[in-house]
Each structure stands twice: as structure tokens, then as C-alpha cells.
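The values are calculated or read from the model by the stated rules, or taken from the named source; none is laboratory data. Just so it is clear, the model here is predicted, and its values are computed rather than measured. Please note: Cβ atoms are built from the backbone with ideal geometry, for glycine as well, and neighbour counts cover all protein chains shown. Only protein heavy atoms, including side chains, enter the accessible area calculation; ligands, DNA and RNA are left aside. Shrake-Rupley method; radii C 1.70, N 1.55, O 1.52, S 1.80 Å.
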Amino acid sequence: MNIIFTYFHHRFLSKMKLFETIRATREHIDFLTNQHLTIGFVPTMGALHQGHLSLVQRAVQENNRVAVSIFVNPIQFNNPSDLENYPRNLEADLKLLEPLLSDDDFIFAPTVTEMYPKAETRLFDFGSIAEVMEGRYRPGHFNGVGVVVNKLLRIVEPAAAYFGEKDFQQLAIIRQLATMEQLPVKIIPCPIIREPDGLAMSSRNVRLTPDHRQAAPLIFQTLLDAAKRTGTDSPDQLKQYIGATLNQTKLLEVEYVEFSDEVTLESVQNWTTSRNIRCFIAVQAGDVRLIDNIRISVPAK
Ligand code: AMP
């Protein structure tokens, strides 16, 4: 039997499928492609929230069928306690997906041994985009992302794959991966979904203490503030401002803040270096590491 189980929440309403093995997934994909149905794919690590669901909704709109993967990829974690504490709740994830997915849409939730039957040795060379920001502070992270996304895209063979701008640098890495590996997939960027107070949604937010949760919206507020000051302040001045404002709270500690070109991810020294600038930030909030970014409108000359 190739279907592990068909998830009936509201009986007869939705029959989305859940697969644990690559073989069962491939059989289902062959069944779909034989009917010339296109697949939109949303890779996730589970602990789903509205950010993930916005990607799924977009995939539903733009494709005949949708695949969502739920896999906490151990090789992209540079910090063992982050991997251990990463929230996992498949039942809750299925409940969130059930109203969005329909017959023949599917969830691929493999085990670690299914994805890594032997130790992984592959090393990608993503060049300079993998060396800055997240790449610099999380050694090995993007290689782990590259390995798993490459495997998943080869298993699912989607026409389009959806990624959030929350992980903007990851999106750049995946575009590069698709080019390097000549994968016939459209990579679709999706906007950041935020809590009403501005905090970027993240699976890790549930691990914030009440104090850190209360302090965390200051990250986005400060980025918004900084974005309004590009007419008077240089990138360096704004980096100082953001760092000082956030570190002042004691509950937040800025790891890096950068103004960078959206394509090369190279840091900019002044507003005329690039027309497409984003501000990127990583902040430690107690035990939880948060990232965010915001597009910067460059002042007219
Ligand atoms: P993750 O489960 O954290 O690996 O995320 C899976 C996908 O959801 C990635 O493409 C993320 O960029 C995206 N994502 C996570 N949080 C958000 C958010 N707040 N808004 C939009 N996309 C998000």
C-alpha cells in the first residue's frame, strides 16, 4: 500500500495524503504526472504557522496539485541544542493543512534515515552569497539547506517551489542551487508574514519567554524606523542606531545588522552603491535566534 494514511479530518471533505517514504511519494507523483498535472511544492520544517500557510495558499492558486514537505533537516543545524529544541508537532500541522489541501495534494514527512541512508558528504560551492550573514554565523547551514532542498526537488519534481523572504539569503542560495543543478523548477519568492505587532512569524517564536516575546517586536519597529532615515543617515550610522536601540533592552542582542544588495548580498557603504538594498538582521533573544529583513527605499539623488 503506497499511501501511509489518508488524513480524514472532516470526512469526505479533504483526502490529502501523507507519505513517509520516497517510494510512496514517487508513485503518487507518477500518478499525477501521467495526468499532466503540475505540482507546486512548499518545503518546510513543520511547526507550521500563517507564514508557511501563505506559501501553501499561493501554491494552491498557481498549480494543479500541491506538495508540502515536513522535515526537520538535522544537517542544516549548526547548533545541537537548536536541533533538539526545534518544535515538532505533525498532528497540529496536518490540522492546519487540511482545510487548504484537497484530494491528491500530499504531505511528505520522511524520517531522517529515509533522507540520509548514509552520512552526507556533498559539498556545494555557493560562492560569496553563502559566506556573509547567516553563512558566516551558522557554518555549514547553507550546505545543509542545499543538500536537503536538492534532494527534495529531485524527489517531488515540482513545476514551482515556494520560499519565504523571511529567509531571504536562503532564497538566494536556492536560486543558485537551481541554476547550478539545472533543476527545471520556478523558484517563487513570497512576502514575510508578521504577527499583528510586527514580529516576523517563525516556528521558533513559541520558544521565546514571555519577556523576550514582548521585546521581540522592537526588531521590526527599529528596522522600520531606520528605513525612514535613509535621507539623512548613512548605512553605517543606521547600523549603529539599530544595534544601540535593540541592545539597550538587555533582552535582545544583535548578532549582525547589514545593508546589502538584494542580489549579490554584498554590504553597501552608501545608498548609491545599489538600487536594490535590504536591511538584514539576526538577534539573539534569550535562547532563541531571530532573523528579519526589510526592503530599503533608496533616497532620490
Ligand atoms: P521553515 O519551516 O522555517 O524551514 O520555513 C519553511 C518556509 O516557510 C521557508 O521558505 C521560509 O522562508 C518560509 N517562512 C517561514 N516563516 C515565514 C514568514 N513569517 N513569512 C513568510 N514565509 C515564511
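Among the listed pairs LYS15/LYS151; LYS118/LYS166; LYS186/LYS239; LYS95/LYS118; LYS15/LYS118; LYS95/LYS166, which have their C-alpha atoms separated by more than 29 angstrom in this model?
LYS118/LYS166; LYS186/LYS239; LYS95/LYS118; LYS15/LYS118
Largest accessible area first, the listed residues THR44, THR21 line up as THR21, THR44 when surface is computed with a 1.4 Å probe on the assembled protein chains. Largest first, the residues TYR256, TYR241, TYR137 sort by 1.4 Å accessible area into TYR137, TYR241, TYR256.
Within the range 203-296, what whole-number % of the accessible surface is contributed by carbon and sulfur, with the 1.4 Å probe and all protein chains included in the calculation?
47
Taking 0.36 nm per residue of separation and subtracting the current Cα-Cα distance, fully stretching the chain between GLU131 and ARG275 would add 49.6 nm. Computed from the C-beta positions of THR111 and ARG295 and an R0 of 41 Å, the FRET efficiency is 0.60 to the nearest 0.05. If the chain linking ASN78 and GLU62 were pulled fully straight, counting 0.36 nm for each residue of separation and taking away their Cα-Cα distance, it would gain 2.3 nm. The stretch between GLU253 and LEU96, if pulled fully straight at 0.36 nm per residue, gains 53.2 nm over its current Cα-Cα span. Label 7 Å along Cα→Cβ of ARG194; the range 254-272 residues with amide nitrogen under 11 Å? Correct set: none at all.
Dipole magnitude for the range 203-296: about 280 debye, using +1 per Lys or Arg Cβ and -1 per Asp or Glu Cβ, origin at the Cα centre.
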